[in-house]
Amino acid sequence: MRLASHIGLLASLVITLLLVSYIAWIVYKTDTTLPLERVVVRDSIIFLPLPRKLTNMSVEEAILYRRSIREYTSDPVELEHLALILWSAYGVTDPIWGLRASPSAGATYPLEVYVVIGEGGVMIRGEGYMAPGVYKYDVHKHLLLLVKPGDVRSELAEAALGQKWVRDAPISLVVCAVFERTTQRYGERGRVRYVPMEAGHLGQNVYLMSTALGYGTVVIGAFFDDRVQSVIGARLDEIPLYIIPIGVPREPRRIDFTDIWSYIEVKRSG
Ligand SMILES: Cc1cc2nc3c(=O)[nH]c(=O)nc-3n(C[C@H](O)[C@H](O)[C@H](O)COP(=O)(O)O)c2cc1C
């Protein structure tokens, strides 16, 4: 009798356990996003969607289609896309040593990336917009930290000699360099060669990833350093090197590899 009740208790325990596991499995299957994948906005921190394969464009196609684009529609940039562009620019691609998407002399990583977001400039999963402001990209935590609230695109465009595309683009990256990180190891060579080269690597990654995601961009080097610094609230040792507006191109780019073949053929026969 006693044994029978023990067996009964054990059986009901096993059934309950199976039921709970089954419900947990159903919940897990229904909610396909891991906790880290959700966009979490906490105070002035935006935990970005995690990097993953999002495009179907090959590298050779991205190189062919890349062009400096200065005219954009009023469409916003998707937060998931902005996250992938930031990761391609300077994100971590080696979890052991913390190496990045762009190469760096002696892995000194002198660059810092700010994001200027305009009103309605970044859409969060079709549900709403990010607050306009200047944010700083934390590469290791893959998050954006609010540095300065408000839409500062007009001020940024003024600091960039009135270049209209800076005011029009929904967002701009501002790439700054802390030269000391590289010069303390490499001296003058670090200042005049390595750091500017690294900004170029980062810029090209932004161009190619933006192209693959259907955006257009242009790297901008003409601006007043001190004015850009003050508009984005950068530290005094963070020297701006590039402003990179990003938006949906107004004109689709029409080019094919066969156009390049014809060009080469004409040149060869000339
Ligand atoms: C270092 C550098 C600085 C640049 N500065 C500006 C700039 O201030 N404003 C601008 O509209 N384009 C700027 N550009 C973009 C060039 O005008 C553009 O790359 C060039 O016309 C070639 O066109 P493509 O990029 O479509 O191949 C810059 C490009 C580089 C590499």
*How about Lys141: which aspartates and glutamates have a C-alpha closer than 19 Å to its C-alpha, ignoring those fewer than 8 places off in the same chain?*
Glu37, Asp43, Glu80, Asp94, Glu112
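Just the ratio, please: alpha-carbon radius of gyration of region 37-247 over 2.2 N^0.38 Å, N its number of residues.
This ratio for region 37-247 stands at 0.95.
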*asked:* Sort Leu82, Leu111, Leu208, Leu64 by Cβ crowding within 10 Å, fewest neighbours at the top.
replied: Leu64, Leu208, Leu111, Leu82
*Sort the following peptides by mean Cβ neighbour count (other Cβ atoms within 10 Å, averaged over residues), highest first: 174-186, 46-58.*
174-186, 46-58
*Among Arg254, Arg227, Arg125, Arg153, which comes first, then next, by fewest other beta-carbon atoms within 10 Å?*
Arg254, Arg125, Arg227, Arg153
*Divide, for region 190-270, the radius of gyration over alpha carbons by 2.2 N^0.38 Å, where N is the residue count.*
1.52
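Counting other beta carbons within 10 Å of each residue's own, what order do Asp225, Asp94 fall into, fewest first?
Fewest-to-most Cβ neighbours within 10 Å comes out as Asp94, Asp225.
Read-outs: derived from the displayed coordinates by stated rules, not from any lab. Note that the structure is a prediction, hence the values are computed from the model and not measured. Cβ: placed from backbone, ideal geometry, glycine included. Neighbour counts: every protein chain shown.
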